[in-house]
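Each remark here refers to the structure printed beneath this line.
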Amino acid sequence: MGKYVRLRARLLACGEFGEDDFRVPEAAADGEITRAHCPGYLGRVVRGELDASEVRAIGFPWSDRMVERSRRSAGATLAAAREALTRGWSANLAGGTHHAHRDRGEGFCVFNDAAIAARAMQAEAGLQRVAIVDCDVHQGNGTASIFAGDDSVFTFSIHGARNFPFAKIASDLDIDLPDGTGDDEYLWHLERGLDETLERSRPQLAIYLAGADPYEDDRLGRLKLTKAGLARRDELVLDTLAARGIPVAIAMAGGYARDIEDSVEIHANTIRTARARCSA
Ligand SMILES: [Zn+2]
């Protein structure tokens, strides 16, 4: 949790952002959440009625603050998507909770922010095609399950084959990488995955999960990307989208480096790259 506060501070300290570049997001409302989640699950979360196994699957204890944080985090990706449609890009300095399914949470994820944002843009802005580009080192199983059989939201996940979740759910496109995959091999696969994603989905909006956990010194990843490799990853994704005029909402997703400042630096670089390359 500490990385989010540090990320904001680091971005302010780098001199490229002012206080007014940052906004406190609205909490996602019930009607926004239930476009992606079943009302019964939302109700159990809000009332604190999750059973012990559901709480265990999420991985942190229930509290009112946990509910509020989860709503705000989803609200931030939703706000970023709205903003991206007018400014070219925007980012949630948290979010990327891609293990949340329609009717259950998992792996530190309560609500699926990308799914809620995609559904909101379909409802509010009339978008017909959205692509979710998930570069977190863990597979986006919740997102895949929410949009299974739905051609209007394309799900692409590039991740470590042997990482959590161990029972993966098929995205529209999955690239499973072996342990120890390094920069060049990763970027080779990512470039092809991106091309296929954009070719097949022709999105009007992309939601980019820029996980910092493919990093070589991450505690929960099994890949071996360097910081320079992750910077090239961000450039590849953001330049490819910008070249095609596709607005992008970015969420940070995972990052569990042995030294927390490494994860913070990787996330901050993503935001700085977006500012430099995606502003409309
Ligand atoms: Zn992850």
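The values are calculated or read from the model by the stated rules, or taken from the named source; none is laboratory data. What you see is a predicted model; the values in this text were computed from it and never measured. Virtual Cβ from ideal backbone geometry, glycine too; neighbours counted across all protein chains shown. The area values use the complete protein model at the heavy-atom level, side chains included, leaving out ligands, DNA and RNA. Shrake-Rupley method; radii C 1.70, N 1.55, O 1.52, S 1.80 Å.
Structure values in brief
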item: Cα-based shape type of the chain, given that a ≥ b ≥ c are square roots of the gyration tensor eigenvalues and the cut on a/c is 1.5; result: rounded
item: In Hz, Karplus ³J(HN,Hα) per residue of the range 254-267 (6.51, -1.76, 1.60; θ = phi - 60°; x = Gly, Pro); result: x, x, 9, 4, 3, 9, 3, 5, 5, 4, 4, 4, 5, 4
item: Centroid-to-centroid separation of the range 74-106 and the range 134-197 [C-alpha atoms, Å]; result: 18
item: Surface share of carbon and sulfur [accessible, 1.4 angstrom probe, percent] for the chain; result: 49
item: Cβ crowding within 10 Å averaged over residues, with 251-258, 35-42 ranked highest first; result: 251-258, 35-42
item: Relative contact order (%) - criterion: Cα under 8 Å, at least six apart; region: the range 143-280; result: 23
item: Residue-normalised accessible area of the chain, expressed per residue, 1.4 Å probe, Å²; result: 42
item: 10 Å binning of all Cα-Cα separations within the range 2-67, expressed as whole percents from 0 upward; result: 16, 34, 26, 20, 4
item: All-pairs Cα distance distribution in the range 111-219, expressed in whole percent, bin size 10 Å; result: 15, 48, 29, 7, 0
item: Share antiparallel - DSSP beta bridges, the chain, percent rounded to 5; result: 10
item: Shape category assigned to the range 1-136 from the gyration tensor of Cα positions, a/c cut at 1.5; result: oblate
item: Hz values of 3J(HN,Hα) by residue in the range 205-220 - Karplus curve (6.51, -1.76, 1.60), Gly and Pro given as x; result: 7, 10, 10, 9, 8, 9, x, 8, 8, x, 4, 4, 9, 7, 6, 10
item: Packing-based order for 90-100, 185-195, using average beta carbon neighbours within 10 Å, highest first; result: 90-100, 185-195
item: Relative contact order for the range 120-221, counting Cα pairs under 8 Å that sit 6 or more residues apart, in percent; result: 37
item: Gyration tensor verdict on the range 228-280 (Cα atoms; rounded if a/c is under 1.5, prolate if a/b is larger than b/c, oblate otherwise); result: prolate
item: Förster radius 35 Å - calculated FRET efficiency between SER279 and MET1, Cβ distance, rounded to 0.05; result: 0.75
item: Those lysines that a straight Cα-Cα span of less than 17 Å connects to LYS3, excepting residues fewer than 8 apart in one chain; result: LYS227
item: Relative contact order for the chain, counting Cα pairs under 8 Å that sit 6 or more residues apart, in percent; result: 20
item: Under 24 Å from the Cα of LYS168 - lysines, other chains or at least 8 residues apart; result: LYS224
item: Distance in nm between pseudo-label sites at CYS14 and ASP30 (7 Å out along the Cβ direction from Cα); result: 4.0
item: Protection proxy ranking of 126-133, 171-178 - average other beta-carbon atoms within 10 Å, highest first; result: 126-133, 171-178
item: Net lengthening on full extension, ASP179/SER152 (0.36 nm per residue, minus Cα-Cα); result: 6.5 nm
item: Inter-label distance for PHE108 and ALA167, nm, one decimal - labels placed 7 Å from Cα along Cα-to-Cβ; result: 2.3
item: Spin-label model distance (nm) - ALA125 vs GLU261, 7 Å beyond Cα toward Cβ; result: 3.7
